[in-house]
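Please treat every number below as a calculation from the coordinates, not as lab data. No experiment lies behind these values; they were computed from the predicted model shown. Glycine gets a Cβ as well: all are built from the backbone with ideal geometry, and neighbour counts include every protein chain shown.
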Amino acid sequence: MVTTHIGDALRSEIDAEIAKYPQPRGALLAALHRVQRETGYISADVAREVAEIFEIQPVEVMEVVTFYNMFYATPQGRHHVYVCTNLPCSLRGSRSLLRQLEAHLDVRAGETTSDGRITLGHEECLGACAYAPMLRVDETYHEDLDAERAKRILDELE
């Protein structure tokens, strides 16, 4: 028995996206967003299914997944927390903040907490240099942080 991760409803959504483009591959990003929303991340098995739909090789799907930071090839936490580590934030303590959050959560950047609550990471720039150091929790920015306030923010996440 073959396990499929892309059900009929999701396949219909992907087919509708493909129909919008003169070349099917033009819909790959939109399809990956939909698939990831459904499955949580793009596993090797899911990449094979997407590749079959687009009549490309699975490695071509994974090249896209690993190139863009909005796609994930591994399971993720319920919340994504990113500390800005660009120069202005670093000069105002973001790298130290990241290390303190790693210790607080008992993970390294790029890892997910054992309870699956938080995936911690860093980004080169979150575009709020004047309010450094800062972090993004899912889609919410938190600025002018110190370690204690950042820890409280993370501790309040469900």
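Can you list, bin by bin at 10 Å, the percent of alpha carbon pairs in the chain, starting at 0?
Once binned at 10 Å, the Cα pair distances of the chain give 10, 34, 26, 20, 9, 0.
Quote the FRET efficiency, to the nearest 0.05, computed for ARG48 versus SER114 with a Förster distance R0 of 25 Å and r equal to the Cβ-Cβ distance.
Using R0 = 25 Å, I get an efficiency of 0.30.
Using modelled backbone amide H atoms (1.01 Å from N, in-plane), which distant-in-sequence or interchain residues come within less than 5 Å of HIS79's amide H?
Amide H to amide H, under 5 Å and 5 or more residues apart or across chains, HIS79 pairs with ILE118, THR119.
Across segment 145-155, in residue order, what do the Karplus-derived ³J(HN,Hα) couplings come to in whole Hz, using 6.51 cos²θ - 1.76 cosθ + 1.60 with θ = phi - 60° and x for Gly and Pro?
For segment 145-155, the Karplus-derived couplings read 8, 10, 4, 5, 5, 4, 4, 4, 4, 5, 5 Hz, x marking Gly and Pro.
Which value at 222 nm does the chain reach when only helices count, each DSSP H run of 4 or more adding -39,500 (n - 2.57), with the total divided by all residues and rounded to the nearest 500 deg cm²/dmol?
-13000 deg cm²/dmol
As an exercise, use a Förster radius of 41 Å and the Cβ-Cβ distance of TYR41 and SER96 to find the FRET efficiency, rounded to the nearest 0.05.
Calculated transfer efficiency: 0.85.
Please state, rounded to one decimal and in Å, the Kirkwood hydrodynamic radius that segment 42-88 gives when every pair of distinct Cα atoms enters the mean of 1/r.
Details: mean 1/r = 0.0819 Å⁻¹.
For segment 42-88, inverting the mean 1/r across all distinct Cα pairs yields 12.2 Å.
Can you list the residues, at least 5 places off or on another chain, whose amide H is less than 5 Å from the amide H of HIS122, using H built in the peptide plane?
Correct list: VAL83, GLY110.
Based on the Cα atoms of segment 79-155, what semi-axes does the equivalent ellipsoid have, where each is the square root of 5 times one gyration tensor eigenvalue, given in whole Å with the largest first?
Those come to 19, 12, 11 Å.
Over 10 Å intervals from 0, what percent of Cα-Cα pairs in segment 5-48 sits in each interval?
Result returned by the calculation: 30, 57, 13.
Rounded to the nearest 0.05, what FRET efficiency do CYS129 and ASP15 have when you use their Cβ-Cβ distance and R0 = 41 Å?
E between CYS129 and ASP15, to the nearest 0.05, is 0.45.
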